[in-house]
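One structure is given here, and the rest of the page talks about it.
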Amino acid sequence: MSRNFLFFSHEADRRRFLLRAGGGFGAVALSHLLAGLGLAGEQGGEGGQGREAGPGQGPKQGAVPTPGQPHFQPRAKRVIYLFMHGGPSHVDLWDPKPDLVKYAGQPLPESFGPVMTRRAVGANPLLPPVKAFRRRGQCGTEISDFLPHLGELADDLCVLRGCHGDSVNHPQSVYQMNTGSILAGKPSLGSWAAYGLGSENGNMPAFVVLPDSGGGLKGGPAAWGNGFLPAAFQGTAMRPGASPILNLRPPSGISPEAQRGILDLTSALNARHLAERDFDDALSARIRSCELAFRMQSAAPEVVDISKESAATLKLYGIDEESTREFGTRCLLARRMIESGVRFVQLYSGDTNGWDAHDDVLTNHSRLCAATDKPVAGLLRDLKSRGLLEDTLVIWGGEFGRMPMSERGKGRDHNPWGYSVVLAGGGVKGGMTWGETDAVGLRAVRDEVHIHDLHATILHLLGIDHEKLTFRHHGRDERLTDVAGRVIHGILA
């Protein structure tokens with residue numbers, strides 16, 4: 001029997017009949033979907049430029065929205081997020097506390113509250129900063145000798161000294177700093193940005209992740225996942241080393257025209273396959289990835305090829321030195337990616353343990369600061385010289401800070417109650433500090449910045465109202481900041 005005969009036979013169930021009978025409407029819906037996925041005609045890609053709808057407006061659950069224009073004039077067009085995995089010590093890097101020096105070796109005063117049992121406090125006396133702080137730049141912001149290169153750029157930095165989160169554990173804190181929730185499975189900040197604004201270049205992903213070469217992350221790839229957003233908005237992770245993207249070049253003997261023909265046929269078959277499966281989100285994302293991979297063959301090889309960069313630029317990022325080469329290369333790739341139109345680049349420092357200095361802050365932070373300080377400063381200098389820093393927001397920070405008390409004599413334990421995050425460019429005032437922790441750096445006490453506030457401010461700088469960027473999920477309009485978050489207007493230029 002033919003498929004047409006089966007369609008009207010008694011063997012066809014009601015679901016199949018309704019699916020086939022509604023095929024005409026399905027074709028109309030499919031054409032719109034494929035246009036948004038970049039699989040139909042000239043309007044493909046992720047760009048979304050010139051569209052009237054605001055970001056993330058009105059998608060039904062499971063539908064891929066068309067990225068739109070910002071809600072209002074953005075101060076930043078793109079973001080580079082430098083994530084210091086493991087929890088860098090704010091009291092040793094960004095937040096000087098004279099009382100830690102004055103009362104070094106003594107127990108934490110009881111007036112600071114029951115952080116832990118008094119017995120544990122007595123066994124963990126206050127540990128002074130392991131390196132000296134100095135006033136830097138015209139602004140006079142005090143920054144540690146751990147960071148001499150970033151210290152030279154103090155007038156470009158906004159140090160948020162009153163940040164705080166809700167978990168003392170790495171995975172939950174990594175999730176919260178990236179997704180706003182201590183629970184796994186929520187969309188990441190980069191995914192929300194991609195969902196709301198798309199990419200400035202349809203030949204490149206909107207959200208790219210550059211993991212640490214040492215591998216491993218407490219919390220894993222869920223930190224840059226799409227959560228309940230359509231799978232198309234998850235972060236595209238690139239490999240460390242000389243070949244960040246594998247299999248970009250077509251096989252020898254296959255012309256671009258022939259490859260385009262193969263892809264067109266595959267896309268048509270995929271579209272029919274997708275329609276028969278109720279436009280499954282994960283499947284549509286895979287189809288979209290195939291088309292994006294083809295477009296990336298023309299753009300990505302040039303983006304990840306740093307061989308044409310000048311010797312001066314390579315030196316600026318520390319690529320000519322062994323200790324800074326790996327991180328410096330990824331910082332340079334981040335600059336090249338945002339130049340190519342990538343909306344959000346996240347770059348990780350620190351492998352499975354990273355900045356987690358339980359045993360010895362001096363040894364741990366000396367190694368990691370030596371690897372990252374010069375490349376990060378080089379990135380900021382390079383962005384500024386190219387006129388990119390004014391509309392590129394650069395973020396430096398980890399999942400939490402560290403305790404003022406010692407652990408094992410020379411280390412520090414986790415501290416989510418008060419720590420520092422540093423911002424530069426993208427419409428943020430430079431040469432300033434915002435917020436404050438208490439006398440020993442234990443808790444945020446003035447102009448506190450919860451993670452929801454930080455996320456609300458980042459979205460605001462991108463021209464997005466964090467209360468309006470929503471996605472319908474299980475009957476609820478979900479958003480990055482849940483039911484909280486306030487924009488920190490005092491740091492805006």
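The table below gives the values:
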| read-out | value |
| --- | --- |
| Residue in segment 288-341 that is modelled with the highest pLDDT, counting only those that are under 30 Å from Leu265 (Cα atoms), small (Gly, Ala, Ser) and in a helix (DSSP H, G or I) | Ala300 |
| Residue, farthest from Val174 (Cα to Cα), within segment 354-405, restricted to residues that are of a type in the set (Asp, Glu) and in contact with a His (Cβ under 9 Å, 6 or more places away or on another chain) | Asp373 |
| Residue satisfying all of: in segment 196-212; under 15 Å from Gln346 (Cα atoms) and among the small types (Gly, Ala, Ser); surrounded by the fewest Cβ atoms within 10 Å (Cβ to Cβ) among these | Ser199 |
| The one condition in (1) in contact with a Cys (Cβ under 7 Å, 6 or more places away or on another chain); (2) in a strand (DSSP E or B) that Gly430 fails to fulfil | (2) |
| Residues (crowded, with 20+ Cβ neighbours inside 10 Å and assigned to a loop (DSSP other than H, G, I, E, B)) located in segment 449-469 | Leu462, Gly463, Ile464, His466, Leu469 |
| Filtered residue count, segment 131-152, keeping only those that are surrounded by fewer than 21 Cβ atoms within 10 Å (Cβ to Cβ), on the phi < 0 side of the Ramachandran plot and not acidic (Asp, Glu) | 8 |
| Odd one out for Asp351 among (1) under 20 Å from the mean Cα position of the chain (by Cα); (2) buried (at least 23 other Cβ atoms within 10 Å of the Cβ) | (2) |
| Criterion: closer than 20 Å to Val130 by Cβ and in a strand (DSSP E or B) - qualifying residue of Ser366, Ser420 | Ser420 |
| Qualifying residue in segment 204-220 (condition: at pLDDT below 90, part of a helix (DSSP H, G or I) and under 16 Å from Gly86 (Cα atoms)) | yes |
| Odd one out for Ser366 among (1) within 30 Å of Pro107 (Cα to Cα); (2) buried (at least 18 other Cβ atoms within 10 Å of the Cβ); (3) in contact with a Phe, Trp or Tyr (Cβ under 8 Å, 6 or more places away or on another chain) | (2) |
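The values are calculated or read from the model by the stated rules, or taken from the named source; none is laboratory data. These numbers were taken from a predicted model, which means no experiment stands behind them. When we count neighbours, we look across all protein chains shown, and the Cβ atoms used for this are built from the backbone with ideal geometry, even at glycine.
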